[in-house]
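This report concerns only the one structure given below.
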Amino acid sequence: MAITALSEPPQIHRLRQSKYIDAVRWLPPLSALDRLAVIAVFDSDSDSAAIETHSFAPDPENLTQQSQWFSPSRISSLKTSQSHHKPFVAAATLAGSIHILFGDSMDPASLESELLMPEKALHEGPISCVDIMDGGVECVSVGEDGRVNLVSVGESELSYQRIFDSSGLVSFTTAKWASPSEFATGGYGFSLQWWDQRKPGAAVSQFKGSWSQRTTPGIVHSIDIHPSRKHTCLAGGSLGTVFAWDLRWPQQPILLSGVGAGETTHSPCESEVWEVHFDHYAKSSNVGNVSSRILPTMICSEDGILAVVEQGEEPVELLAEPCAINSFDIDRQYPSDVICSLEWESIAILTRS
Amino acid sequence: MPGVASGSGDTRGASGSNDSSLVPYLPELRQPVVYSLHHGLKPPIGRLSISWSRGNNLRVSVLRPPSAEDSDDVEVGGRVVEVRLSNGDGETGDAKWRRIAYGSVPPFALLQSRRSSVASLSKMSMSPSPYNIDWWEYVMEYSKDINSLLGDSKAPPNPVIDDPKTVLRNVEEPTSLKAAWELMEMFYADKQCQSWLLERLVDWLADYDSLLSSTQPTVHSKLVDFQNELVGLQVIEDNPKYWEVLSSALAVGWIEIVVKMLRLHGSYQFHQLGNREIENGLVETVSFLISKMPRMRPEVEYGRLGECYKAKPDFIKAWEKWRGKITKLDCSAFWLQCDHRQTREGLKNMIQIMLGNTDNICNVTCHWIELFISHFLYVRPFTVGLESMYSLAQKCMQLKPMSSAHGLIAIILGILGENTEVILAECSRAFGPWMVAHAIELLTTGSDEAEFLLQEERHSLGGISIAELHRLVYAQVLSSHPLTWQIAPIYLTSCMKQGMGLLEILLYKLPIQHNETLLKNLEICRLYELDTISSNIMKIAGVYHWKHGRKGSGVFWLQQARDEIRLSRIAQHLFDSVGKSISDESFKQWEGLIELLGSESKTTGGLEFLHKYRDFKKSLKQVYGGKTTDTARQAVESLISLMKNPSTPQRFWLPILHDSLKLLNWQERPLLNVSQTSLLLNKLQELSMAKLRPDFIEADLPPQALSSVRLALATNLGRAILEE
């Protein structure tokens, strides 16, 4: 059975910006008419960073800037969510600060109010990743300094609690919530950690990828956890590697792509996989075998590939650019739409039919 | 004032320095640009120091003189400000330049790969020329791709209701960059258009004449002026300017505009048709003849006028026939019956232009290039060859001297004069390194001489060719910007001689602070198989992270680089903190790092000891938890493997043995056999010898530790001998 949903090539809109794009996200829409994107930009001319909201119109293709919020430092991680019918944005910076920006319920594109956690409070140096709990008001932040923090978003201020501090012995590069009490982190040596707030002090489970004798393990750049299968953590990283770690069989990772994946799997790319997300749009061809198969996964890479990979299937390439695709996001409400940021100061928006 | 070079300040050296200057300095070339600095310091300023910062930025350090010790001056001693220099090109901003730079990468890379595959193919077939017949088609494809980056040539669609008084259509402001590129494309790359080059030039001038208006009046600027007046004019044919503009537009071949403007003639008005019949007939005839002008080109765009001829003999025949009709009209008796003087004279003047009367043409054109173009249209429509074009250009320039030369004009003269060096110099001066690096591909296609000139390796340039030099210069510009450095390798690797060396320097100099840049850098190393560089960069990154307290990342990068030496050195530091801090509680902190290190010894520089030590401690903990003899046996296994392992540091020997006292004094039966006990006793002996050495590190243990270990080992040995 072929992946029927992707039989037609997607409609691609390339929108040139005159600034470097550090991250892109869709903003949860309040009505079907709004298509809002949040973009973290870096202007090398003025050496300034900002978060902008843009509304997207497909015909004629156009991104219109709606609001702009200047950041004191470049954005290292950007996430969007919704709380009390208000969209909000969590941004972490290279300087180590976290900013929570709220849109108005009438005008979601305006990022008017801001809550700040200043630099040096949470982390020494840059924050690698921040993740918002689904539907909640709690964020997890991880950094190269080896700290794991929980940031609670209050009415008028942010408060935090340190979950773990490795004093630099371990660095974390990414984090993702699995449930209101559990989250996963990723780092060097293709390592993954599973944390449970009910069992504080240390990670409850650890994994280190060393399936290939020829190459040394690389870095995990991005992880994702599917809301319906909270025991499986999907990870993407160096050398085109994408793998899934099932907590029920923690010593047996499932390699979806990359070196060592074997002849049966064709890897869509060979360089850094910058971001991975479960693709809610692609219909899995493995309908019968629900629980053991990994759901379709979308990846973007340094060598300019945006593709959907699935266990035991040929990958489907959505976009092949001459430059790197640094980040992407699948719209939660309209999973046919994908926004991604390209290295050469532009944004691509794909609409799958 | 410091920082400003004043001519009057130092007169002694002035005459001497003039004689020894290598390059004649022409101060009138460019106006100096004044940048104001906001340093906010109170005068006096003692010293200024200027250095290059990143990209186009100058770093200016402003220092005040050291204040006297007793003064209560709390003012800061100095400040560093950065001055951003604009690149002096108002037409194209930085962001737009970057957009062009990104966009030109794929066509450039494609052309280079085609060149190398064509070269390897021709080597195999031993063909005399490396370029087979369709090489120019590749170059043409490249040129079209680049041209599309330089601006939108798409004119907006024609309005549904055409305003008869809109003579000039509103189009996007053309750029000189695109104009220059199209010039080179038509002369060098597009071999298909060689037979109708003159018509291409006419089109080119129609598109870009407005650019020349910046330096002197042109037909275009005349038209713009008239267009503005047009709305207020009542009887248009009475206005001498109407006829002047008509003849000018006709002279440069903008026949659509001419025909449209003739329709504005008052005799077309309904109530006048009756009494101006003859006048109207003449206007209509002229307009009809103009619209039927023969043109030596394959086709005209929709809505454009003229009759096209592909073959030259057909064109010559048609042209002569057309001229015959005009001559006949010129001698017509109807002129005498036309009583509107302006119309009669205006139309007659237009007929003279079409008949190729050089005086009339000269009178109605402004710029020499317009005169040049109208010569092709009406005087010498069969001109072939650059040489005759060049001599014509010189004649035109004598008739219409320029006050100041536009960059484009200099390029045209270079092309017509077949002077590749002039073209390069003008491209560089007017458009900068991007243009030169990319236009060289067109120039080398133009002629064998140009190709030889550009590809010849020159001693004066350090053994590289002019083409390579300009590519290197462009790559250097790309490297200096934080957003474009990633595309510099594509240009550097196309440079045979110096490219790889400069690429290595570029990769070494990139910042490694942020993982993203570091990984992008390593990716480039991987693509070009620069393994040594990538391992060096990883070492630099490893040491950087280690020094900044991120021990895990430091170890990771040094492991990736397989740097045994640095790993074993930092291992000593790690062991220091292990000795003090590894308790049961802190193992949680260490866990991740120990996992990262793994248990194999190849790439860890002795750090795999930590892995074994952790396993030993874990099994020991189980023993103390009151487990059976089996777990104790496992603990002994770990103990022996630890003590056998050469990478276990000496300073851990005694603490390890002291920790395992319970194993040595196991009550039920001796856990260690004779050889195992002897091994441990030997280690203990070695330790006592080492104590005498000055670099010995005393373990932090109770004073009787050594003797209790020795006693336990001796007891165990006795029991083991008895058992055996």
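The values are calculated or read from the model by the stated rules, or taken from the named source; none is laboratory data. Values in this document were obtained by computation on a predicted structure and should not be read as measured data. Here the Cβ positions follow ideal geometry from the backbone for every residue, glycine too, while neighbour counts run over all protein chains shown. Ligands, DNA and RNA are excluded from the accessible area calculation, which covers all protein heavy atoms including side chains. Shrake-Rupley method; radii C 1.70, N 1.55, O 1.52, S 1.80 Å.
Taken together, the criteria exclude A:Ser210 from residues that are in contact with a Ser or Thr (Cβ under 7 Å, 6 or more places away or on another chain) and within 12 Å of another protein chain (Cβ to nearest Cβ). Only a single criterion out of (1) in contact with a helix residue (DSSP H, G or I) (Cβ under 9 Å, 6 or more places away or on another chain); (2) under 27 Å from B:Asp190 (Cα atoms); (3) open to solvent by 30 Å² or more (accessible area, probe 1.4 Å) is not satisfied by B:Tyr491, namely (3).
Answer yes if at least one residue in region A:191-201 is more than 14 Å from A:Cys129 (Cβ to Cβ), facing chain B (nearest Cβ under 8 Å) and within 22 Å of the chain's Cα centre (by Cα), and no otherwise. Yes, some residue in region A:191-201 is more than 14 Å from A:Cys129 (Cβ to Cβ), facing chain B (nearest Cβ under 8 Å) and within 22 Å of the chain's Cα centre (by Cα).
Quick grid of which residues meet (1) more than 25 Å from B:Asn515 (Cβ to Cβ); (2) touching a strand residue (DSSP E or B) at 6+ places or on another chain (Cβ under 9 Å); (3) surrounded by 20 or more Cβ atoms within 10 Å (Cβ to Cβ):
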| position | (1), (2), (3) |
| --- | --- |
| A:Arg35 | yes, yes, yes |
| A:Asp45 | no, yes, no |
| A:Pro60 | yes, no, no |
| A:Phe70 | no, yes, no |
| A:Leu94 | no, yes, yes |
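For region B:616-662, a tally of residues being touching an Asp or Glu at 6+ places or on another chain (Cβ under 7 Å), surrounded by fewer than 20 Cβ atoms within 10 Å (Cβ to Cβ) and within 22 Å of B:Glu591 (Cβ to Cβ) returns 2. Every residue in region A:10-55 that is touching a residue at least 24 places away in the same chain (Cβ under 8 Å), within 14 Å of chain B (Cβ to nearest Cβ) and in a strand (DSSP E or B), please. Selection gives A:Arg14, A:Leu15, A:Arg16, A:Tyr20, A:Ile21, A:Asp22, A:Ala23, A:Ala40, A:Val41, A:Phe42, A:Asp43, A:Ala49. In region B:505-572, counting only helices (runs of 4 or more DSSP H) that sit wholly within it, the ones holding 1 or more residues that are within 8 Å of another protein chain (Cβ to nearest Cβ) and touching a His at 6+ places or on another chain (Cβ under 8 Å) span B:551-560. If you go through region B:254-278 and pick out every residue that is over 30 Å from B:Ser195 (Cβ atoms) and open to solvent by 10 Å² or more (accessible area, probe 1.4 Å), you end up with 13. Going residue by residue through region B:73-85, is there one that turns out to be away from chain A (no Cβ under 14 Å), surrounded by 15 or more Cβ atoms within 10 Å (Cβ to Cβ) and at pLDDT 75 or above? The answer is yes; a qualifying residue exists.
For A:Val89, indicate whether it is out of contact with any helix residue (DSSP H, G or I) (no Cβ under 9 Å at 6 or more places or on another chain) and open to solvent by 10 Å² or more (accessible area, probe 1.4 Å).
On the way: out of contact with any helix residue (DSSP H, G or I) (no Cβ under 9 Å at 6 or more places or on another chain): yes; open to solvent by 10 Å² or more (accessible area, probe 1.4 Å): no.
The answer is no for A:Val89.
Evaluated against (1) in a helix (DSSP H, G or I); (2) free of Cβ contacts under 8 Å to residues at least 24 places away in the same chain; (3) open to solvent by 10 Å² or more (accessible area, probe 1.4 Å), B:Cys193 falls short on exactly one condition, (3). As for region A:149-161, it holds at least one residue that is under 21 Å from A:Ile225 (Cβ atoms), buried (at least 23 other Cβ atoms within 10 Å of the Cβ) and touching a Cys at 6+ places or on another chain (Cβ under 6 Å).
Quick grid of which residues meet (1) within 14 Å of chain B (Cβ to nearest Cβ); (2) open to solvent by less than 20 Å² (accessible area, probe 1.4 Å); (3) outside any strand (DSSP E or B):
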{"position": "A:Cys323", "(1), (2), (3)": "yes, yes, yes"}
{"position": "A:Ser327", "(1), (2), (3)": "yes, yes, no"}
{"position": "A:Gln333", "(1), (2), (3)": "no, no, yes"}
{"position": "A:Ser341", "(1), (2), (3)": "yes, yes, no"}
{"position": "A:Trp344", "(1), (2), (3)": "yes, no, yes"}
{"position": "A:Ala348", "(1), (2), (3)": "yes, yes, no"}
{"position": "A:Ser353", "(1), (2), (3)": "no, no, yes"}
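Per the listing B:Ser332, B:Ser404, B:Ser391, the residue uniquely surrounded by fewer than 23 Cβ atoms within 10 Å (Cβ to Cβ) and over 27 Å from B:Leu250 (Cβ atoms) is B:Ser404. Apart from one condition, B:Leu483 fits all of (1) away from chain A (no Cβ under 14 Å); (2) crowded, with 20+ Cβ neighbours inside 10 Å; (3) outside any helix (DSSP H, G or I); the exception is (1). In the set (1) out of contact with any helix residue (DSSP H, G or I) (no Cβ under 8 Å at 6 or more places or on another chain); (2) open to solvent by less than 10 Å² (accessible area, probe 1.4 Å), B:Gly554 fails one condition alone, (1). Of the residues B:Ile537, B:Ile512, B:Ile464, only one is in contact (Cβ under 8 Å) with a residue 12 or more places away in the chain, under 20 Å from B:Glu441 (Cβ atoms) and β-branched (Val, Ile, Thr); which? Result: B:Ile464 is the single residue among B:Ile537, B:Ile512, B:Ile464 that is in contact (Cβ under 8 Å) with a residue 12 or more places away in the chain, under 20 Å from B:Glu441 (Cβ atoms) and β-branched (Val, Ile, Thr). Checked against (1) assigned to a helix (DSSP H, G or I); (2) open to solvent by 50 Å² or more (accessible area, probe 1.4 Å), B:Leu347 passes all but condition (2). Please verify whether B:Ser221 is assigned by the TED database to the domain that holds B:Ile369 and either open to solvent by 10 Å² or more (accessible area, probe 1.4 Å) or part of a helix (DSSP H, G or I) (or both), treating the condition exactly as stated. It is true that B:Ser221 is assigned by the TED database to the domain that holds B:Ile369 and either open to solvent by 10 Å² or more (accessible area, probe 1.4 Å) or part of a helix (DSSP H, G or I) (or both). Out of the residues in region A:188-228 that are of a type in the set (D, E, K, R), surrounded by 14 or more Cβ atoms within 10 Å (Cβ to Cβ) and at pLDDT 90 or above, state the one that is farthest from A:Ser152 (Cα to Cα). Looking at residues that are of a type in the set (D, E, K, R), surrounded by 14 or more Cβ atoms within 10 Å (Cβ to Cβ) and at pLDDT 90 or above, I get A:Asp224.
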